[in-house]
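Shown next, in structure tokens, is the structure this report addresses.
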Amino acid sequence: MNETQRVARRMPVFFLAIISVLLVLSFISLFQAVETYRRTGSPDFLTVIMSLSAITLSSYMLLQMRRKPLKLGFEMPKVFTMVQCSSCDFRNVREFQKGDYILKAMEPCPKCSSASFISSIYREAEEKEE
Amino acid sequence: MLREIEGSLFKLKLMRDQGRSIAISAINEMGKPSGDLATRVDRLLEHIDIGPVDLDPSGIIRRLEHIIDIRDFRFKDEVRLMVPEADETHVNNVANMLDAALFLNQVYKFVRHFYLTGKKTSSFYVILQLQMILPQVVKEAEAFARALRSFTLGQPMGDGIGALVAARLMYGKEEREIAKDVVVSEVPVEGRTAYVLKAKGPGANVGKPGEAVKQVLEEKEGKIERIIVIDAAQKLEGEKPGEVVEGIGVAIGGPGVEKFKVEEIATKYKVPINAILIKESIGDVVSTMRKEIVNSVDDVIERIKRIVRETTKEGDLIIVAGIGNTMGIAQ
């Protein structure tokens with residue numbers, strides 16, 4: 001993960017504090033319900049259900065608050081370079097390397113030894129892109 | 001609503017800062033920069049262009065061109081001063097990269113201005129308007145952030161599709177520089193001679209295609225049967241990227257100087273102009289070229305041949321102008 005993404009991960013502190021308090025209170029309430037059952041022998045279903053619901057809800061909210069890192073647009077897409085022979089049908093696609101440019105002369109074709117060149121450089125679009 | 005704007009403003013600020021640091025590290029990688037690099041970059045990021053006065057529109061295009069030229073020289077000179085050993089390709093790429101970083105800085109400052117104005121004056125309408133345009137603004141800023149990355153690596157961008165088509169036609173032919181940063185080759189197309197033009201690559205460059213078309217027409221004393229202009233065009237939502245459409249007129253974007261020149265010279269010699277457009281979104285225009293857009297090249301070349309066959313006779317002279325930023329595309 002790069003530095004931008006780390007910086008971009010911003011947690012709303014106020015909401016985090018509220019949810020943490022809610023979570024702690026729910027556990028205390030659940031603990032008390034269990035203690036009461038041990039002492040008296042009669043279960044307090046209402047308190048148990050409410051405590052468990054509060055724990056589930058606050059855990060869910062905590063998970064939701066774990067924001068995905070902001071995408072700023074600086075992320076590197078996968079870029080490919082296509083090398084093509086100028087006389088036969090040989091084509092080779094590899095990952096882009098710094099210094100590549102279209103119509104750059106490359107090593108002779110491995111199939112027919114004619115001159116080969118970079119015919120295109122392109123990126124594959126992300127799935128959500130139109 | 002304020003929270004939403006604050007979120008976007010935070011994102012724009014991160015983009016601005018990240019853009020600045022990418023620009024600085026890219027210049028550092030190029031060699032030993034002279035002087036205080038961060039101060040120089042910061043000064044460029046605050047650069048302001050003042051357009052010509054339009055109260056008297058006479059001669060405004062000439063004046064606008066002069067200002068654009070000065071700006072171009074200034075950016076390139078600044079890069080040369082920062083990294084004296086950089087070659088022309090790198091100078092062009094870095095100058096364009098700084099342009100993208102400058103855009104990110106200006107967008108952030110404009111959004112912050114309206115946000116603070118809205119808050120200060122407690123104006124719901126200022127905030128509402130800002131909130132309405134923010135998604136589009138953020139989208140454009142993201143596109144320029146992607147462009148910044150492409151400039152650091154010298155990868156061809158969507159805008160260069162016109163230049164790519166011209167490069168494919170020119171492959172293996174002799175070329176010469178006909179106007180500032182524009183090269184031309186004589187290419188046989190369906191028994192006609194095509195003067196194929198593109199900006200000089202592989203550095204980031206758009207050149208002066210209008211000037212180049214004018215030069216060819218003047219050299220041939222107007223004996224050109226047709227001008228075909230190829231460029232990227234803004235796609236509408238729902239249209240596919242890389243879709244090819246045809247039209248008439250001069251398909252050259254930007255401030256209008258080059259478009260004006262072609263229109264003027266074509267009108268003088270009564271030369272018909274065809275346009276072939278490749279549809280792209282704003283994000284695709286300034287980021288590394290998508291596969292769908294690269295795949296449209298063969299279709300564009302077929303259309304050029306068809307137009308040439310249908311509208312000219314064998315032995316005629318035509319101009320094919322591939323418009324756009326030629327970064328990562330040689331000739």
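Taking the listed residues B:43, B:63, the one that is assigned to a helix (DSSP H, G or I) and either surrounded by 12 or more Cβ atoms within 10 Å (Cβ to Cβ) or aromatic (Phe, Trp, Tyr) (or both) is B:63, with no other qualifying.
Restricting segment B:284-317 to residues that are of a type outside the set (Ser, Thr, Tyr) and touching a helix residue (DSSP H, G or I) at 6+ places or on another chain (Cβ under 6 Å), the residue that is surrounded by the fewest Cβ atoms within 10 Å (Cβ to Cβ) is B:297.
When residue B:16 is tested against (1) without any contact (Cβ under 8 Å) to a residue 12 or more places away in the chain; (2) charged (D, E, K, R); (3) buried (at least 17 other Cβ atoms within 10 Å of the Cβ), just one condition goes unmet, and that condition is (1). Residues that are within 10 Å of another protein chain (Cβ to nearest Cβ), surrounded by 13 or more Cβ atoms within 10 Å (Cβ to Cβ) and touching a Ser or Thr at 6+ places or on another chain (Cβ under 8 Å) within segment A:74-97 comprise A:74, A:77, A:79, A:81, A:82, A:86, A:96, listed in sequence order.
Residue by residue, here is whether (1) over 30 Å from residue B:291 (Cα atoms); (2) outside the structural domain of residue B:272 (by TED's automatic domain parsing) holds:
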residue: B:147; (1), (2): no, yes
residue: B:189; (1), (2): no, no
residue: B:200; (1), (2): no, no
residue: B:204; (1), (2): no, no
residue: B:210; (1), (2): no, no
residue: B:218; (1), (2): yes, no
residue: B:222; (1), (2): yes, no
residue: B:225; (1), (2): yes, no
residue: B:228; (1), (2): no, no
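Report the residue count in segment A:98-127 for those that are free of Cβ contacts under 8 Å to residues at least 12 places away in the same chain, surrounded by fewer than 12 Cβ atoms within 10 Å (Cβ to Cβ), more than 24 Å from residue B:175 (Cβ to Cβ) and within 12 Å of another protein chain (Cβ to nearest Cβ). Qualifying residue count, segment A:98-127: 1.
May I ask you to list the residues in segment A:35-87 that are closer than 30 Å to residue A:119 by Cβ and under 33 Å from the mean Cα position of the chain (by Cα)? A:73, A:74, A:75, A:76, A:77, A:78, A:79, A:80, A:81, A:82, A:83 - these are the residues of segment A:35-87 that are closer than 30 Å to residue A:119 by Cβ and under 33 Å from the mean Cα position of the chain (by Cα).
Farther than 29 Å from residue B:89 by Cβ, of a type in the set (A, V, I, L, M), touching a residue at least 12 places away in the same chain (Cβ under 8 Å) and in a helix (DSSP H, G or I), is that true of residue B:307? Yes: the conditions hold for residue B:307.
Let's see how each residue does on (1) away from chain A (no Cβ under 14 Å); (2) under 29 Å from residue B:228 (Cα atoms):
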residue	(1), (2)
B:107	no, no
B:110	yes, no
B:118	yes, no
B:132	yes, no
B:160	no, yes
B:166	no, yes
B:169	no, yes
B:173	no, yes
B:178	yes, yes
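The values are calculated or read from the model by the stated rules, or taken from the named source; none is laboratory data. In this text the structure is predicted, and so the values were computed from the model without any measurement. Please note: Cβ atoms are built from the backbone with ideal geometry, for glycine as well, and neighbour counts cover all protein chains shown.
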